[in-house]
Amino acid sequence: MVDADQTFVIVGGGLAGAKAAETLRAEGFTGRVILICDERDQPYERPPLSKGFLLGKEERDSVFVHEPAWYAQNDIELHLGQTVDAIDRAAKTVRYGDDGTLVHYDKLLLVTGAEPRRLDIPGTGLAGVHHLRRLAHAERLKRVLATLGRDNGHLVIAGAGWIGLEIAAAAREYGAEVTVIEPEPTPLHQALGPELGNVFAELHRERGVRFRFGVRLTEIVGQDGMVLAARTDDGEEHPAHDVLAAIGAAPRIGLAEAAGLELADRAHGGGIVVDERLRTSDPDIHAAGDVANFPLPLFGTRLRVEHWANALNGGPAAARAMLGQDVGYDRMPYFFSDQYDLGMEYSGWAPPGSYDEVVIRGDAGKREFIAFWLTEGRVLAGMNVNVWDVTETVQKLIRSKAPVDTEALANPHVPLDSLVP
């Protein structure tokens, strides 16, 4: 039984950690709650960093999960700018801070998140090379995009995934020239496949973005510490004043690895292995958010999901499990993106090779449609583009695992919910 003498420690100050702390108090836990964050800013949400905040449409304070006073009001011991460098599982302690402070835990939650993958090429130490993961990165990039737009400057983006495309859209709205370098044949190739990747390619081309597919960056050329150009492996040199690396993120597993917790291999997404209660291989340590690799029986696999909804829902689920509640975390992967006048939501999981058909419901040319990925007539995933209030129905179709009439699925005059068994 959980009581007031217990101490729960949360390592990681993102959305998952903040929501876990909130849930512990909401569920009546009266013991110590210690939240340790290696950033100096209080916990915040990450989607605005490549969307509204980056575009100047949202104020800085709007990104924070709670008001500054909330933590003290709820007796959450918030330690900002502090890094946890060791877990002693036998003694049940974590060590953090420059002075090596030790704190005992009864339950420990790891929500250490992910970090941007780095370009391994010459020139990455130049001042004009950027990543986007943290609020400080977004603040810097916001200033850079404004300057590029004012001076008709060039931004080269390595990677045509979600972050790369969202920043390309933001840069064009500021007025910057944008070139995107992508080794795959289309944007979002691994996420959406070529059929839907081309929809996003055309969206950006219409706004003046230049794509170079099938090539990789090999060098960032500079002088006096500043970026001048970006070279690709086909021998071309692309003008650039700044370069953004948007080549994915890696789970921050160093702490868990040093503690001897079980880890997933990269083929299964990497991260910390957890069960349906988000428990690691140590029953007193849980993990959630970007770093957790959890089972998803619906798809017969394990997943590590780096999207906002997983942090929003995973943190509270882990908190309830730490309190001894019966938790079965099986949230369907869900994410969203906003680019120019296009808004989309994606539910499900359909990696390359898992589907045999893509069905479009609506008008892809006008970018008002729902795309479905199917195998043997069963819906694996769905993406609604500028079509709203259908996510729940799409997810019901996926969870049903039932074959659907693909002609009816493609027909916007057939009510979508009528296809749910």
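The values are calculated or read from the model by the stated rules, or taken from the named source; none is laboratory data. Since this is a predicted model, take the numbers as computed values, not measurements. Cβ: placed from backbone, ideal geometry, glycine included. Neighbour counts: every protein chain shown. Quick note on the areas: whole protein, heavy atoms, side chains included, nothing else; ligands and nucleic acids left out. Shrake-Rupley method; radii C 1.70, N 1.55, O 1.52, S 1.80 Å.
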Inset, instruction - With label points built 7 Å along Cα→Cβ from the Cα atoms of R60 and M226, find their separation and express it in nm. - result: 2.6 nm
Inset, instruction - DSSP loop (so not H, G, I, E, B), at most 15 other Cβ within 10 Å: list which chymotrypsin sites (Phe, Trp or Tyr not before Pro) in the range 368-409 pass both filters. - result: W388
Inset, instruction - Given the options A350, A69, A170, state which has the largest fluctuation in a GNM of the chain using a 10 Å cut-off (strictly under) for Cα springs. - result: A69
Legend entry - 3J(HN,Hα) from dihedral phi, the range 11-21, Karplus parametrisation 6.51/-1.76/1.60, rounded to Hz, x for glycine, proline: 10, x, x, x, 4, 4, x, 5, 6, 5, 4
Legend entry - Kirkwood-based Rg to Rh ratio, the range 264-421, C-alpha trace: 1.01
Legend entry - Student exercise, the range 202-251 dipole from Lys, Arg, Asp, Glu Cβ charges, in Debye to nearest 20: 180 debye
Legend entry - Nearest-0.05 FRET efficiency for E257 and R140, computed from C-beta distance (R0 30 Å): 0.50
Inset, instruction - Go through the range 302-313 residue by residue and turn each phi into a ³J(HN,Hα) via Karplus (6.51, -1.76, 1.60, θ = phi - 60°); whole Hz please, and just put x for glycine and proline. - result: 10, 9, 10, 10, 9, 10, 3, 5, 5, 5, 4, 8
Inset, instruction - Let me have the relative contact order for the chain, percent, based on Cα pairs under 8 Å that are six or more residues apart. - result: 14 percent
Inset, instruction - Note down the nm distance, to one decimal, between modelled labels 7 Å out along Cα→Cβ at H413 and at E67. - result: 5.4 nm
Legend entry - Rounded percent of accessible protein surface that carbon and sulfur make up, the range 226-341, 1.4 Å probe: 48 percent
Legend entry - DSSP bridge pairs, the range 67-210: antiparallel proportion in percent, nearest 5: 55 percent
Legend entry - Distance between modelled label sites at D85 and D265, nm, 7 Å Cα→Cβ extension: 3.3 nm
Inset, instruction - Mind scanning K57/K142; K366/K401; K51/K142 and naming the pairs with a C-alpha gap bigger than 20 Å? - result: K366/K401
Legend entry - Estimated vicinal HN-Hα couplings, Hz - the range 320-335 in sequence order (Karplus 6.51, -1.76, 1.60; Gly, Pro = x): 5, 5, 4, 7, x, 6, 7, 10, x, 7, 9, 4, 5, x, 8, 8
Inset, instruction - Report the full-extension gain for the segment R95 to E392: residue separation times 0.36 nm, less the Cα-Cα distance, to one decimal in nm. - result: 102.6 nm
Legend entry - Paramagnetic reach from E195 (point 7 Å along Cα→Cβ, amide N under 15 Å) across the range 359-397: 359-365, 369-385
